[in-house]
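The values are calculated or read from the model by the stated rules, or taken from the named source; none is laboratory data. Quick caveat: nothing in here was measured; it's all calculated off a predicted structure. Please note: Cβ atoms are built from the backbone with ideal geometry, for glycine as well, and neighbour counts cover all protein chains shown.
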Amino acid sequence: MSISVRLSPELRGWISNNLQRGCSPADLVATMIGQQFEPPIAQGLVDAFVRARVGGVELSDEAVTLDVAPPAYLQEYLYETPRLPRGNSIVTTDRTIPVAMRTAQPVIAILEDVLSAEECAELIALARPRLQPSTVVDPQTGEHTIADYRNSEGMFFGLAETPLIARLDARISQLMNCPVENGEGLQVLHYVPGGHSTPHFDFLVPSNAANIASIQRSGQRVSSLVVYLNDVESGGETVFPEAGISVTPRRGNAVYFEYANSRQQVDHKSVHAGAPVLAGEKWALTKWMRARRFVGA
């Protein structure tokens with residue numbers, strides 16, 4: 001299998017200059033792996049430069065085609081048995097949750113009555129004074145930054161921070177069929193008219209040191225649950241463009257989706273977006289589950 005790897009001028013110059021001054025190819029590969037390059041890609045790139053030097057030819061200015069398997073996060077996704085329990089309803093310790101719809105590829109489910117009206121109101125009241133402008137993880141640096149493509153406010157609860165949060169963590173853990181300790185803290189998001197998020201993935205792309213370190217600590221994110229805390233007057237749908245699904249926000253209802261398997265592959269069909277709020281406001285609760293116990297930075 002072949003993949004095309006784009007070459008930055010800096011990387012091209014670094015490999016060429018070090019080969020020119022006599023560095024061994026093995027040392028260059030080891031250095032690149034230390035800088036978080038996938039080992040087959042590091043080896044393939046250095047080999048391509050060595051062959052070009054021996055043959056007296058120039059490599060393409062933009063990309064190099066390598067005859068190697070792509071890293072797991074770029075491979076075609078193999079669907080396995082979903083983590084979400086089967087059936088037309090899911091029974092937790094304190095609630096029976098009807099399943100309104102399921103899809104298999106990608107794995108998506110629309111769930112009803114995940115939270116009561118009282119629980120939704122209490123979450124909004126607890127979250128409101130702690131809201132801050134929402135941030136995103138920069139894919140190059142791993143730093144949290146404010147981005148114009150996600151204009152919302154948000155906050156996180158700690159696991160079992162209050163009796164209400166402990167009860168919801170337990171219920172959601174049973175619903176998502178993952179241990180409580182694998183969950184990141186519950187996040188509340190608030191959108192006003194115009195608030196939205198552009199298409200994105202919830203899984204962590206290992207493109208920077210922060211994401212790589214997070215995956216090493218806790219494993220990949222494997223599934224998400226988005227619970228709507230209010231009825232949105234107009235807009236605010238959760239849209240899955242690859243699946244052709246648009247989920248209308250209804251208080252207490254939720255959308256669940258999975259995107260990582262046991263082979264460390266991730267499902268690019270899980271791409272999703274938050275449509276702009278056209279009227280009113282939107283409150284939502286998000287839970288991300290990890291492959292292992294979640295350990296923060």
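Taking the conditions (1) surrounded by 21 or more Cβ atoms within 10 Å (Cβ to Cβ); (2) within 13 Å of the chain's Cα centre (by Cα) in turn, ILE215 satisfies each one other than (1).
Residues that are of a type in the set (D, E, K, R) and touching a helix residue (DSSP H, G or I) at 6+ places or on another chain (Cβ under 8 Å) do occur in the range 231-252. Pairs are defined by a Cβ separation below 7 Å, a sequence spacing of at least 6 or placement on different chains, a first member in the range 97-117 that is small (Gly, Ala, Ser), and a second member that is not in a loop (DSSP other than H, G, I, E, B); the pairs so defined are ALA100/ILE110; ALA100/LEU111; ALA109/VAL99; ALA109/MET101; ALA109/ARG102; ALA109/TYR256. Scanning the range 256-297 for residues that are among the small types (Gly, Ala, Ser), outside any loop (DSSP other than H, G, I, E, B) and touching a Gly at 6+ places or on another chain (Cβ under 9 Å) yields a total of 4. Scanning the range 123-155 for residues that are modelled with pLDDT of 95 or more and touching a helix residue (DSSP H, G or I) at 6+ places or on another chain (Cβ under 6 Å) yields a single hit, MET155. In this entry, PRO106 is excluded by the filter for residues that are over 28 Å from ILE245 (Cα atoms) and modelled with pLDDT of 95 or more. Of the residues in the range 226-244, how many are closer than 15 Å to THR198 by Cα, not polar (S, T, N, Q) and not in a loop (DSSP other than H, G, I, E, B)? Within the range 226-244, residues that are closer than 15 Å to THR198 by Cα, not polar (S, T, N, Q) and not in a loop (DSSP other than H, G, I, E, B) number 3.
Residues in the range 114-127 that are charged (D, E, K, R) and under 25 Å from the mean Cα position of the chain (by Cα): 0 in all.
The residues in the range 183-225 that are over 15 Å from TYR259 (Cβ atoms), of a type in the set (Gly, Ala, Ser) and assigned to a loop (DSSP other than H, G, I, E, B) can be counted, and the count is 4.
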